[in-house]
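Here is the structure we will look at, set down as structure tokens.
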Amino acid sequence: MSSGDFSNQSVQNLGYLLKRAQQSLRTKIDLELRATEITLPQYAVLSTVAISPGISNADLAKAAFVTPQTMQGIISTLEKRNFLIRSKDPQHGRRLMTQLTNEGKTAMEAAQIEIIKVEKMMLNAIADRDIEFATQTLLKCIENLTTEK
């Protein structure tokens, strides 16, 4: 389907509905994460560091959808809570390597359980084929918006 196949109203509604879905998901996740005392950006940092130990602050900021300045505050908070440790990179004198502690792994896993519950709630009564179609459609939307043409 080409962009000419959509009315202006349907395109406007789709963007609005995407934002509403994202905001509803974020609100529900934030609510459920309160019990874990982890915020969604903190979870994003912990899970990203678990996958990519030593990742840069700039890349962590991108993964958590926050500014580099905000990321510095998040990392500082997670260090104080002993969820992360940072040490000098032996190959790059000024660069700090960020790693997950056992406490950080436990906190991340507790948050992950809550996030999965919310995602299951969101997808309740939606057929697998519809979820796959929506996933592929959203990936194509992202590609359309991030690829230079």
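Throughout, read-outs are computed from the coordinates displayed, never taken from laboratory work. Remember, predicted model here, so these are calculated numbers, not experimental data. For neighbour counting, all protein chains shown are included, and Cβ atoms are generated from backbone atoms with ideal geometry for every residue, glycine included.
Worth a mention:
- D_trans [Stokes-Einstein, Kirkwood Rh over alpha-carbon pairs] for the chain, 37 °C, 0.692 mPa s, µm² s⁻¹: 185 µm²/s
- Integer Hz, Karplus 6.51/-1.76/1.60 couplings in order for the stretch 58-74, x for Gly and Pro: 4, 5, 5, 4, 4, 5, 9, 6, 10, 6, x, 5, 5, 4, 4, x, 5
- 3J(HN,Hα) from dihedral phi, the stretch 41-53, Karplus parametrisation 6.51/-1.76/1.60, rounded to Hz, x for glycine, proline: x, 5, 4, 4, 5, 4, 5, 5, 5, 4, 7, 10, x
- Amide H contacts of residue 84: 79, 101, each under 5 Å away and 5 or more positions distant or on a separate chain (H built 1.01 Å from N in the peptide plane; Pro and chain starts excluded).
- Of all lysines in the structure, the ones whose alpha carbon falls short of 24 Å from that of residue 117, not counting any fewer than 8 places away in one chain, are 19, 28, 105.
- Reachable aspartates and glutamates, given that their alpha-carbon falls under 16 Å from the alpha-carbon of residue 120 and they are not under 8 places away in the same chain: 30, 32, 128, 130, 132
- Amide H partners (placed H, <5 Å) of residue 55, local residues excluded: 98
- Taking θ as phi - 60° and the Karplus parameters 6.51, -1.76 and 1.60, the scalar couplings of the stretch 16-22 work out to 5, 5, 4, 5, 5, 5, 4 Hz in sequence order, x denoting glycine and proline.
- Ordering 125, 110, 92 by the projection of their Cα atoms onto the charge dipole of the chain, which places +1 on the Cβ of Lys and Arg and -1 on the Cβ of Asp and Glu, puts 92 at the extreme positive end.
- With R₀ set to 30 Å, the beta-carbon distance separating residue 144 from residue 117 gives a calculated FRET efficiency near 0.45.
- Theoretical ellipticity at 222 nm over the chain - DSSP helices of four or more residues, -39500 (n - 2.57) apiece, nearest 500: -22500 deg cm²/dmol
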